[in-house]
Every structure is written in structure tokens, then in C-alpha cells.
Amino acid sequence: MKKEKILMTTLAMILIVSLFVTTIPAMAIAGVAPVVTSPSANPSSIPADGTTVSQLNVTVTDDTAVDTAKVDLTQIGGSKKTKYLIDDNKYSIVTNTTVGTLPNTYSLPVNATDIEGNSNAEVSIQLEVVSKGDINGDGVVNLNDAIYLAKHVAGWEGYGVIYGNGDINGNSEVDLNDAIYLAKHIAGWEGYEEIGC
């Protein structure tokens with residue numbers, strides 16, 4: 001009888017404690033920085049033309065609340081900009097490069113800070129900057145780019161991805177005329193000095 005009473009009392013205390021614990025919100029752990037995951041750029045490659053944009057994204061979570069999520073764009077001619085919350089814990093910003101940014105793959109640092117001042121600056125977003133007309137992404141604009149674009153337009157296997165804006169003539173379509181225009185541009189034909197992408 002005494003054992004049953006002790007068992008019943010213990011079970012009642014466990015039940016009361018479990019009800020109490022579920023109503024207490026989780027407490028923040030002091031000194032823990034936000035977690036930054038899923039860095040991405042869409043598209044992942046843009047020309048250094050000052051107009052073509054890429055959407056930079058990260059997911060930031062924290063045990064308290066996220067205060068800011070910033071990306072440092074100074075490597076591509078920008079500034080340190082605050083990313084905007086777009087959905088739950090996803091932060092995003094749209095950017096371009098300045099004209100003349102050197103072709104390269106840039107690691108753009110992200111710094112996320114919570115409301116307690118803890119920060120995480122260990123994640124970067126990769127963004128490739130290519131030259132206008134560098135369709136094959138090798139860092140050089142030459143006849144190989146015009147050939148690559150023609151094969152891309154024709155649907156050849158292995159040419160599904162183009163690394164720059166394929167709208168070379170600026171008519172809002174990517175077709176064989178763009179490959180021809182690029183070939184004439186590379187050859188120095190009069191009237192083909194400017195690339196529209």
C-alpha cells in the first residue's frame with residue numbers, strides 16, 4: 001500500500017512537471033550566434049555589365065531572434081547591404097556588379113546578428129562574374145563563345161548551360177542571331193561594336 005502511494009505521488013508529480021514544462025517557452029542560450037545555412041546566388045553567374053542581377057539568398061535561424069543579415073558586396077563594386085526577410089528564416093537581396101568588375105568567382109561574406117549582439121560571419125555566397133559575351137565561362141571573349149552559343153541554341157548535349165547573358169543583340173531573345181552577332185563583334189565588324197547583354 002505504501003509503495004502504491006509513493007508510486008502514485010511520483011506519477012502525479014511527473015504529470016504536473018511535464019504540464020508545467022510544456023508551457024514554459026524555450027530559453028535562449030546566452031552567447032550563441034545565429035546559424036547561417038543554404039547560401040545561394042540565382043543565377044550563380046552574371047556579366048559585369050551593371051544591369052544583370054542575381055538574387056543572393058541565405059537561411060538564418062537563432063534561438064532568440066535575428067536582428068540583421070548583411071552581405072558584403074564591396075568585392076563586386078557594391079556596399080555592405082542588409083538582406084531582406086522574404087519567407088520564415090530566408091533572407092534575400094538582389095544585386096548586380098559594377099561595370100568593369102573583373103571576371104572571377106567571388107565569395108561574398110554574410111554576417112548575421114541576433115538581438116543579443118551575437119554574430120556569425122563564417123558563411124559566404126559564391127557569385128561568378130563573367131565578361132560580357134563570355135558564354136562558355138572561360139574568362140575570355142572569343143570565337144569559341146559564339147560557337148558555344150550556337151550549339152546551345154541548337155540544343156547540343158553538353159551545351160545546356162551558358163555562363164553569360166546569351167541575348168547578345170539585345171532583342172530579349174536568345175537565338176542563332178545572337179551567336180552570329182557575337183561572331184561579328186569578335187571579328188570587329190562595323191555596326192557590331194556593342195554587345196547587348
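So the values come out like this:
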read-out: Residue in region 128-139 that is at pLDDT 95 or above and in contact with a Pro (Cβ under 9 Å, 6 or more places away or on another chain) present; value: no
read-out: Test: A112 is without any contact (Cβ under 8 Å) to a residue 24 or more places away in the chain and within 17 Å of S38 (Cα to Cα); value: no
read-out: Region 138-181, residues that are touching a strand residue (DSSP E or B) at 6+ places or on another chain (Cβ under 6 Å) and not aromatic (F, W, Y); value: G164, N165
read-out: Filtered residues of region 70-87 (kept if assigned to a strand (DSSP E or B) and touching a Leu at 6+ places or on another chain (Cβ under 8 Å)); value: V71, D72, K80, K81
read-out: Candidate set from region 115-151 (those that are buried (at least 21 other Cβ atoms within 10 Å of the Cβ) and free of Cβ contacts under 8 Å to residues at least 40 places away in the same chain); member that is nearest to T37 (Cα to Cα); value: N136
read-out: Residue match in region 124-133 (condition: of a type in the set (S, T, Y) and not in a helix (DSSP H, G or I)); value: yes
read-out: Every pair of residues 6+ apart whose Cβ atoms lie under 9 Å, when the first sits in region 173-197 and is on the phi > 0 side of the Ramachandran plot while the second is part of a loop (DSSP other than H, G, I, E, B) and basic (K, R); value: none
read-out: Some residue of region 115-128 being over 21 Å from the mean Cα position of the chain (by Cα) and among the β-branched types (V, I, T); value: yes
read-out: Qualifying residue in region 88-96 (condition: within 30 Å of A65 (Cβ to Cβ) and not in a strand (DSSP E or B)); value: yes
read-out: Counted residues, region 84-104 - those being buried (at least 17 other Cβ atoms within 10 Å of the Cβ) and within 21 Å of G50 (Cβ to Cβ); value: 7
read-out: Members of region 158-188 that are surrounded by 17 or more Cβ atoms within 10 Å (Cβ to Cβ) and either in contact with a His (Cβ under 9 Å, 6 or more places away or on another chain) or modelled with pLDDT under 85 (or both); value: Y159, I162, Y163, G164, N165, G166, I168, V174, A179
read-out: Condition met for G191 (more than 27 Å from N104 (Cβ to Cβ) and either surrounded by fewer than 14 Cβ atoms within 10 Å (Cβ to Cβ) or not polar (S, T, N, Q) (or both)); value: yes
read-out: Number of the condition not met by G196 [criteria: (1) closer than 23 Å to V53 by Cβ; (2) assigned by TED's automatic domain parsing to the domain that holds N42; (3) small (G, A, S); (4) assigned to a loop (DSSP other than H, G, I, E, B)]; value: (2)
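A quick yes/no check of all residues on (1) charged (D, E, K, R); (2) surrounded by 14 or more Cβ atoms within 10 Å (Cβ to Cβ); (3) modelled with pLDDT of 90 or more:
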| residue | (1), (2), (3) |
| --- | --- |
| A26 | no, no, no |
| V35 | no, yes, yes |
| P39 | no, yes, yes |
| N42 | no, no, yes |
| T52 | no, yes, no |
| V71 | no, yes, yes |
| S79 | no, no, no |
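The values are calculated or read from the model by the stated rules, or taken from the named source; none is laboratory data. Since the model is a prediction, treat every value here as computed from it, not as a measurement. Backbone-built Cβ (ideal geometry, glycine too); neighbour counts: all protein chains shown.
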